[in-house]
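**Q** What follows is a single structure, and I will ask about it in a moment.
The values are calculated or read from the model by the stated rules, or taken from the named source; none is laboratory data. Fair warning: this is a prediction, and the values are worked out from it, not measured in the lab. Every residue, glycine among them, receives a Cβ derived from its backbone with ideal geometry; neighbour counts consider all protein chains shown. Just so you know, the surface numbers come from the protein's heavy atoms only, side chains and all, with ligands and any DNA or RNA stripped out. Shrake-Rupley method; radii C 1.70, N 1.55, O 1.52, S 1.80 Å.
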Amino acid sequence: MSNATQDSAQSYAHDPRNDTVEVYVNGNFFARDKAMVPVFDAGFVLGDGIWEGMRLVKGKLLAVDEHMARMYEGANAIQLDIGMDRDALVAEIWKTLRHNNMEDGVHIRMMISRGVKSTPNQDPRFITGPATIVIVAEYKQPNAALKSRGLKLMTSTIRCSTPDVFDLRLNSHSRLNFIQALIQAINMGADEALMLDDRGFVASCNSTNFFIIRGEELWTSTGTTCFNGITRAKVIKLWRDAGKPVFEKDYTLAETYAADEAFVTGTLGGITPVTVIDGRKVGAGKPGPVTSSISDLYSTYIGA
């Protein structure tokens, strides 16, 4: 991994074991440089597919039921026939992990496209066979240095879409708008893009869900125009269960700039502090105590 990508919000600690991990493609296993899908695959042609990211921690697939529910809800939304039920699909994940002798510290990316087409076009009726299923399991731990210093965010000019345009609760392969937002942030020296909704309220980041802390109050968006984050939902529940206030509400950049602390959530990174937004320090400009408390609750939950 290059030095530049070490500053990415999606960065992780390098692990040489990944060089020999084999990738699952439609029931078979291939070396990473031999794992391929046809150029006529709907996922390649149009980004016509869905995906899930999961973690294996000490032999346990975290929140596997929630991940499967989200995947099958997404498949149903776009009328994609996965070709197997939830239990069978989870069994294929375990097959991949056992094949690679993996037991802990693993991040899994499952990608399912509509399948191979007879020609590169939009019409799903041109599919010639079953869905394409790819499972990539890698040894991944969050970048400790990034968590220690905190993320730098930049507010993007690209907005999160509303459900009438594109429902972000759908974990679609199509991510070009978020990539554009991230490129803006990178070009301005930031790690991740902060994104607003169509009315100018804070919505999400380009690959993670966003929270601010004011006192002991935890604020996040309503969820209408952000990712259906499983880690996001768990953090909200953990803080509420601890007897602390959580607000899922509309709030502005001005209120964000006045926050005491901020952080983002995601499957791989868990909870990552945010210390700079648009060149302004968040609070004291370093990871704060409330974020640390929430992170401790989450670490206990996952058994890390």
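**Q** In a Gaussian network model over the chain where Cα atoms closer than 10 Å are linked, find which of ALA259, ALA63, ALA242 has the largest mean-square fluctuation.
**A** Largest GNM mean-square fluctuation: ALA242.
**Q** Oh, and also: Under a Cβ-only charge scheme (Lys and Arg +1, Asp and Glu -1), can you give me the dipole magnitude of segment 222-274 about the Cα centre, in debye to the nearest 20?
**A** It comes to approximately 260 debye.
**Q** Would you work out which of GLY283, MET154, ASN171 lies farthest towards the positive end of the dipole of the chain? Charges go on Cβ: Lys and Arg +1, Asp and Glu -1.
**A** Most positive-ward Cα: GLY283.
**Q** Work out the FRET efficiency for ASP250 and PHE29 from their Cβ-Cβ distance, taking R0 = 35 Å, and round it to the nearest 0.05.
**A** Approximately 0.15, to the nearest 0.05.
**Q** A further question follows. Using 7 Å Cα-to-Cβ label points, what is the ALA258/ALA77 separation (nm, one decimal)?
**A** 3.4
**Q** Check cross-link reach from LYS244 to the aspartates and glutamates: straight Cα distance under 20 Å, and skip same-chain residues fewer than eight apart.
**A** Here the aspartates and glutamates satisfying the reach criterion relative to LYS244 are GLU216, GLU217, GLU255, ASP260, GLU261, ASP296.
**Q** Tell me whether segment 179-304 comes out rounded, prolate or oblate; compute the Cα gyration tensor, take square roots of the eigenvalues as a ≥ b ≥ c, and use a/c under 1.5 as the rounded threshold.
**A** In terms of gyration-tensor shape, rounded.
**Q** Considering the zone a paramagnetic label at ASP278 would reach in this model (a point 7 Å from Cα along the Cα-to-Cβ line), which residues of segment 255-270 have amide N under 19 Å from it?
**A** From segment 255-270, the list is 255-264.
**Q** Return the single residue from ILE236, ILE277, ILE127 with maximal mean-square fluctuation; model: Gaussian network over the chain, springs between Cα atoms under 10 Å.
**A** ILE127
**Q** Which shape class, rounded, prolate or oblate, goes with segment 178-220 when its Cα gyration tensor gives a ≥ b ≥ c as root eigenvalues, a/c under 1.5 marks rounded, and past that a/b bigger than b/c marks prolate?
**A** Note, shape of segment 178-220 comes out prolate.
**Q** Same structure, new question: If R₀ is 30 angstrom, what is the calculated FRET efficiency for the pair LYS95 and ILE302, using the beta carbon separation as r and rounding to 0.05?
**A** The calculated FRET efficiency here is 0.85.
**Q** With unit charges on the beta carbon (Lys/Arg positive, Asp/Glu negative), name the residue among ASN209, SER118, LEU238 whose Cα is farthest towards the positive pole of the charge dipole of segment 116-273.
**A** Farthest towards the positive pole: SER118.
**Q** About the Cα centre of the chain, what is the dipole size in debye to 20, counting +1 per Lys and Arg Cβ and -1 per Asp and Glu Cβ, all else neutral?
**A** 380
**Q** If you roll a 1.4 Å probe over the chain with all protein chains in place, what percent of the accessible area is carbon or sulfur?
**A** C and S fraction of accessible area: 52 percent.
**Q** I've got another one for you. Using a Cα-Cα cut-off of under 25 Å, which lysines could be cross-linked to LYS152, ignoring same-chain neighbours fewer than 8 residues away?
**A** Within the straight-line cut-off, LYS152 pairs with LYS140, LYS234, LYS249, LYS281, LYS286.
**Q** Also: Could you work out how far apart the two model spin labels at SER292 and ALA233 are, taking each label as a point 7 Å from the Cα in the direction of the beta carbon, and quote it in nm?
**A** In this crude label model, SER292 to ALA233 measures out at 3.1 nm.
**Q** Right, something else. Compute the long axis of helix 230-241 from its Cα atoms, compare it with the longest principal axis of the Cα atoms of the chain, and write down the angle in degrees, 0 to 90, nearest 10.
**A** Between helix and principal axis, roughly 40 degrees.
**Q** With springs only between Cα atoms under 10 Å, which of GLY150, GLY215, GLY285 fluctuates most in a Gaussian network model of the chain?
**A** With Cα springs under 10 Å in the chain, the top fluctuation among GLY150, GLY215, GLY285 is at GLY215.
**Q** Express the accessible area of the chain per residue in Å², computed with a 1.4 Å probe while the remaining protein chains stay in the model.
**A** Accessible area per residue: 47 Å².
**Q** Separate question: Any idea what angle helix 64-77 forms with the longest principal axis of the chain, computed on alpha-carbon atoms, 0 to 90 degrees, nearest 10?
**A** 70
**Q** Here is a follow-up. Can you bin the chain into rounded, prolate or oblate? Criterion: square roots of the alpha carbon gyration tensor eigenvalues sorted a ≥ b ≥ c, rounded for a/c under 1.5, prolate for a/b above b/c, oblate for the rest.
**A** Prolate shape, in that a/c is at least 1.5 and a/b is the bigger ratio.
**Q** Based on DSSP H runs of at least 4 residues, each adding -39500 (n - 2.57), what is the mean residue ellipticity at 222 nm of the chain after dividing by all its residues, to the nearest 500 deg cm²/dmol?
**A** Result for the chain: -8000 deg cm²/dmol, rounded to the nearest 500.
**Q** Tilt of helix 289-302 relative to the longest C-alpha principal axis of the chain, in degrees (0 to 90, nearest 10)?
**A** Once rounded, the angle reads 30 degrees.
**Q** Let me ask something else. Quick one: accessible surface of THR252, probe radius 1.4 Å, all protein chains present, in square angstrom to the nearest 10.
**A** The accessible area of THR252 comes to roughly 50 Å².
**Q** Any idea how far apart ARG149 and VAL165 come out in nm if each label point goes 7 Å out from Cα toward Cβ?
**A** Placing both labels 7 Å beyond Cα along the Cβ direction yields 3.3 nm.
**Q** Roughly how many debye, to the nearest 20, is the charge dipole of segment 123-266 about its Cα centre, given +1 on each Lys and Arg Cβ, -1 on each Asp and Glu Cβ, and no other charges?
**A** 340
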